[in-house]
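Student: Structure incoming, see below.
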Amino acid sequence: MSWVVLILSGVLEAVWATALGKSEGFTKLWPSVVFGVAIVASMGGLAFAMRGIEIGTAYAVWVGIGAALTIAWAMATGGTDVSWAKILLLVGLVGCVVGLKLVDGASH
């Protein structure tokens, strides 16, 4: 259950990061509201997941998922340039997140 919550929390990290950018310094109401709700839920989920997953692994996975999805969303919506280098680095990042899950599962 901790891993499911951690993955969902990582997704919410991408939501709040994207909403923060769209809020234009908290001058736009709805992106600011989405940011607030998503960050509280994301942090709460991370804290819950850390009950069953080591802090280093949980934090790295949470950040990795959030970063990868934020960049992927920006590329998909035209918010940033798409390049093979970025795609390969994102694949590597996702591979590292999966690797951390596999290593964590093998240690129990």
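Coordinate-derived values only; no laboratory data. Note that this is a predicted model, so its numbers are computed, not measured. Positions of Cβ are generated from backbone atoms using ideal geometry, with glycine treated the same way; all protein chains shown enter the neighbour counts.
Student: Pulled fully out, how much extra length does the chain show between I87 and M1, if you take 0.36 nm times their separation in residues and subtract their Cα-Cα distance?
Tutor: Once the chain is fully extended between I87 and M1, it gains 28.0 nm.
Student: What order do you get for 7-14, 19-26, 67-74 when each peptide is scored by the mean count of other beta carbon atoms within 10 Å, highest first? Walk me through the numbers on the way to the answer.
Tutor: Numbers: 7-14: 20.8, 19-26: 14.4, 67-74: 18.2.
Going by the mean number of other Cβ atoms within 10 Å, highest first, we get 7-14, 67-74, 19-26.
Student: Whole-Hz Karplus ³J(HN,Hα) for segment 16-29, in order, using 6.51 cos²θ - 1.76 cosθ + 1.60 and θ = phi - 60°, x for Gly and Pro?
Tutor: Values, residue by residue: 5, 5, 5, 5, 4, x, 6, 6, 6, x, 6, 8, 10, 4 Hz.
Student: Rounded to two decimals, what is Rg over Rh for the chain when you use alpha-carbon atoms and the Kirkwood radius?
Tutor: Radius of gyration relative to Kirkwood radius: 1.02.
Student: Can you run phi through the Karplus equation (6.51, -1.76, 1.60; θ = phi - 60°) for segment 79-96 and list ³J(HN,Hα) in whole Hz, with x for Gly and Pro?
Tutor: Per residue, the Karplus-derived 3J(HN,Hα) values read x, 8, 5, 9, 9, 5, 4, 4, 4, 5, 5, 5, 4, x, 4, 4, x, 5 Hz.
Student: What is the extension gain from K101 to V11, computed as 0.36 nm multiplied by their sequence separation minus the C-alpha to C-alpha distance, in nm to one decimal?
Tutor: This chain segment gains 30.8 nm when fully extended.
Student: Could you work out how much longer the chain between T80 and F26 gets when fully extended? Use 0.36 nm per residue separation minus the Cα distance between them, nm to one decimal.
Tutor: Difference between extended and current length: 17.3 nm.
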